[in-house]
Structure formats: C-alpha cells, structure tokens
1. Do we have Arg366 as part of a helix (DSSP H, G or I) and touching an Asp or Glu at 6+ places or on another chain (Cβ under 9 Å) here?
2. Could you please give the count of residues in region 59-98 that are over 23 Å from Asp29 (Cβ atoms), in a loop (DSSP other than H, G, I, E, B) and either of a type in the set (A, V, I, L, M) or in contact with a helix residue (DSSP H, G or I) (Cβ under 8 Å, 6 or more places away or on another chain) (or both)?
3. Can you confirm whether Glu56 is of a type outside the set (Phe, Trp, Tyr), within 22 Å of Ala85 (Cβ to Cβ) and either not assigned by TED's automatic domain parsing to the domain that holds Val117 or not in a strand (DSSP E or B) (or both)?
4. Every residue in region 151-185 that is acidic (Asp, Glu) and either closer than 28 Å to Phe433 by Cα or in contact with a helix residue (DSSP H, G or I) (Cβ under 9 Å, 6 or more places away or on another chain) (or both), please.
5. Based on this model, can you work out whether Asp197 counts as outside any helix (DSSP H, G or I), within 29 Å of Val93 (Cβ to Cβ) and more than 15 Å from the chain's Cα centre (by Cα)?
6. Report whether or not Leu78 is touching a Pro at 6+ places or on another chain (Cβ under 9 Å) and crowded, with 16+ Cβ neighbours inside 10 Å.
7. Surrounded by 15 or more Cβ atoms within 10 Å (Cβ to Cβ), modelled with pLDDT under 95, aliphatic (A, V, I, L, M) and more than 11 Å from Leu67 (Cα to Cα): which single residue out of Ala14, Ala4 fits that description?
8. Which one of the conditions (1) surrounded by fewer than 17 Cβ atoms within 10 Å (Cβ to Cβ); (2) within 24 Å of Ala153 (Cα to Cα); (3) in the same structural domain as Ala228 (by TED's automatic domain parsing) does Thr288 fail to meet, given that it meets all the rest?
Amino acid sequence: MKRAERRGGRAQNAGAPEQRVLVVDDEPDIRELLELTLVKMGLGVDTAGSLAAAKERLGAARYHLCLTDMRLPDGEGLDLVRHIAALPGDLPVAVITAYGSAENAVAALKAGAFDYVSKPVGLEQLRALVKSALSLPERSAAGPGLQLLGESAPMQEVRQMIGKLARTQAPVHISGESGSGKELAARQIHLNGARRDRPFVPVNCGAIPENLMESEFFGYRRGAFTGAQEDRGGFFQAADGGTLFLDEVAELPIAMQVKLLRAIQEKRVRKVGSTQEDAVDVRVISATHQNLGARVEARAFRQDLYYRLNVIELKMPPLRECREDIEVIAAAILARLASRPGSAKARLSEAALQELRGYDFPGNIRELENILERATALSGASEVAPEDLRLRLAAGEEALAGARSGTLDAPLPEYLDRIEREAIQEALAKTGFNRTAAAKLLGVTFRTLRYRMQRLGIHEPSEPDAR
C-alpha cells in the first residue's frame, strides 16, 4: 500500500500534472494496476486503502476524480459517494463494482456517482470513463445549449435538475405529456455534460418496424439477411461516446426490450449475423408520454429494464402548469417563424395572449408552435388577433359538425374517408406530426394510424428516414 502511495506522490511532484485522481481500494494489486494506468495517461495519483484514509486524503488535497471500490474494510463505496456529494465543489466519483452486479451499479448512480466500472476492470473502459469524467465542464462554464424557456417554478426546477443530471452518466428517464419538451431536455443534458462533443442520436422507438429493430439498434454484418450488402452500424454504434435518446421507449416490443437490457448492462452489442460482441460507450436517456410504471404492472414492459432506464426520473411539466411562461415562449416561436425566408415579423395582440393563457394546450408546446404557425400563415398581419388562433373550433370538430347535420356532398364511403382524413391531419398537426402522440389523441394504436395514413394517402412533409 505504501509503495503505491509513494509512487503516486512521485508522479504528482515530478510531472506536476494539473489533474489528480484519488484511487480507493483495499486490494494493493488493484490499486497498483489502476495507478499505473492513470499515470500513463499523464495524471497525478494518490491512493487510499480504506474509507477513513480516503476521507483524510479528500480533506488534505483537491482532486478532479475519485475512483472507489464498492466494498471497503471500514465501510461501503456508497458511503464515500455520499460523503463526496456533501462536500463543496463538483468532484466526480466513479465506483468499481463486482462483475455483473447491476444492483450495485444502480445504487451507486442513484447516490450521485458519475459512472461505474465492473470487475475485472477493463482498461479501455476505464480510460474512457476517466477521460469523460475529466472533461466535465465547470458549472459556470457549461454551455447553455438549446433553451428551455420560462421562469415559472416548474421550469426553474427542471433546469436545476438538468444541471445535476449533466454531471453524471446515470441513465435518465424523462416523463411528460406529448409536446412538453422531452427531447429538448435530453439534448440539454447532453450538451452540458462530458459527452457534449460526441454524437446525440435520437430514436423514435414507435417508428421502427418490429422486424427491423435489432438491425437498426445494433447494426448488421454483410450477408446477414437478404439486402445486407455491406456491414452497417446501428444506433448504438452511431452514439458511441455520446448519448442515445430513446423516445417513446414504451413502444418497444418485449423481445427487443430483452436485447436492449443486455446491451445497457454489459455495454456491449452484437451485430446481426456476427459471432462477436463489440464494446460501446453510450449514455442512454429514455422518454415516453405513457406511464411506464403502469406498463410494467400490465406486463407490457419489463420490470428489470424499467429499473435500468429509470435510475433518475425527470418530469417535464405540461404547459398549462406554466401559464406565466406562455408569453416568452410564444415570442420566441414567433421570432423563429419570422426568420424564415419570405416571412414577416408578427406579434401577439394582448387579447390573443389572454386567449392563449386561458387555453389548456393538450399538445403542449408543440401545439402552441402549430397554432402560431397557422395563425401567422393565415392572417398575414403584423399582429395576431384572437380569431387568428382558432382555439375554440378545431378542424376535426368542424368535420364532425358537418357529419351531424346529415348533409352529404359525396357518396358515403368518400365522405367518411374525407372526415377520417381531416381528423388524422388535425391530430398530426396538433402533435407536430408525431404519429405516436397523434395515435393517442385519436384513440387508436400507432400501427392502426400508420395503416390508415397509408390507405388514405397521408404523408408527412419531408418525412425523415426511420434510421
């Protein structure tokens, strides 16, 4: 133990590196292995063999990272995680857990650990973790990224929570109604964290055909199936080193949930048609507008995957709970619309603003964007009036009123198709062409909506590739 500690001291003094790491483990061989690896990375290293020694080191010097074993002779690694969390500053701490101990990993992340590494320690994984932890931005220097606007109490709480989540690698589950800004929150977590310079890969789990899910997530080898003419990576490979955002994760079929769970736990994936696994370094953030806990109770979502994804939950408030923010959000949307070629600057009249403040926004911010885009396009005036908003009578309600009148201007099948087409288009417009959210508004399944859209010839504008 003393030999390892002395070597760490000499490395620190001779090279005078700017960044220092504290290694805490009661096994001398493990301490020495970790120390040698870190010194080769140009880092200064101090070591401790117990919880008490670690606390003494922390009180005497400033560190940029702490690596601690889960089991120590006089306590638990979790005790050290909690101790460091209570100290001034933002020292990231990573925990070394027993191989395959998912419970220990989750407990460490919930306690505030930056990340974890499993025994036997993989040196490549360790180096990636250390580089990621040491690249965390200072809180004062963290880039704002995309903005979640508003000064209401719920939005201030969300921003504070995002600031904390950005400084950990823990899986995050973002809950909230459709259109409440879940993807924007995920992007802010990514942009203000250690992975900000690496890819952010968003995936709509409800938009991928079930028979293509495995190849889309994990990639495939040439010849794995008909049409596989070359090797191709999947979402995990695309997000390597960065963040994988799984939107509408509740839509995943059970078979895919099993494969996803293993990929998250082992941090390794196997391409379709391959016999070997590849290591991936991916932070997973998931989201859904559904109640994931209720889906677990209904046995539509695996409990073990739920606990792996929902290590920390971030709840996005609906817009109706942040009514005081509507003015600033609407102003930002109007400014963005005015920046488009051929668009004129517009503002809300006081009466129109009052109309918006009194509306419940079932589609939240996404619906507000659609309302304002439609209002500015139809009015053409520099000031948006209440009648331009059309909040009281949606197109679907107008179609229904026409059907109730009993007046048919076409054969019944054509007339019903038109009513259905208008209702679907209205739901898609309200949800920003989010088909999963539109299906919920219409009271049908995602696959039923997709079939009806195909039958009626409804296409999304500039629909992106599902990949």
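The values are calculated or read from the model by the stated rules, or taken from the named source; none is laboratory data. Please read all numbers here as calculations on a predicted model, not as lab measurements. Cβ coordinates were reconstructed from backbone atoms using ideal geometry, including for glycine residues, and neighbour counts include every protein chain displayed.
1. Numbers: part of a helix (DSSP H, G or I): yes; touching an Asp or Glu at 6+ places or on another chain (Cβ under 9 Å): no.
So Arg366 does not fit the description; no.
2. Residues that pass the stated criteria total 7.
3. Details: of a type outside the set (Phe, Trp, Tyr): yes; within 22 Å of Ala85 (Cβ to Cβ): yes; either not assigned by TED's automatic domain parsing to the domain that holds Val117 or not in a strand (DSSP E or B) (or both): yes.
Here the answer is yes, as Glu56 does meet what is asked.
4. Step one: of region 151-185, the residues acidic (Asp, Glu) are 151, 157, 177, 183.
Residues satisfying the conditions are Glu151, Glu177, Glu183.
5. yes
6. Details: touching a Pro at 6+ places or on another chain (Cβ under 9 Å): no; crowded, with 16+ Cβ neighbours inside 10 Å: yes.
Criteria not met by Leu78.
7. On the way: Ala14 fails: surrounded by 15 or more Cβ atoms within 10 Å (Cβ to Cβ).
Criteria check complete, one pass: Ala4.
8. With respect to (1) surrounded by fewer than 17 Cβ atoms within 10 Å (Cβ to Cβ); (2) within 24 Å of Ala153 (Cα to Cα); (3) in the same structural domain as Ala228 (by TED's automatic domain parsing), Thr288 is out only on (1).
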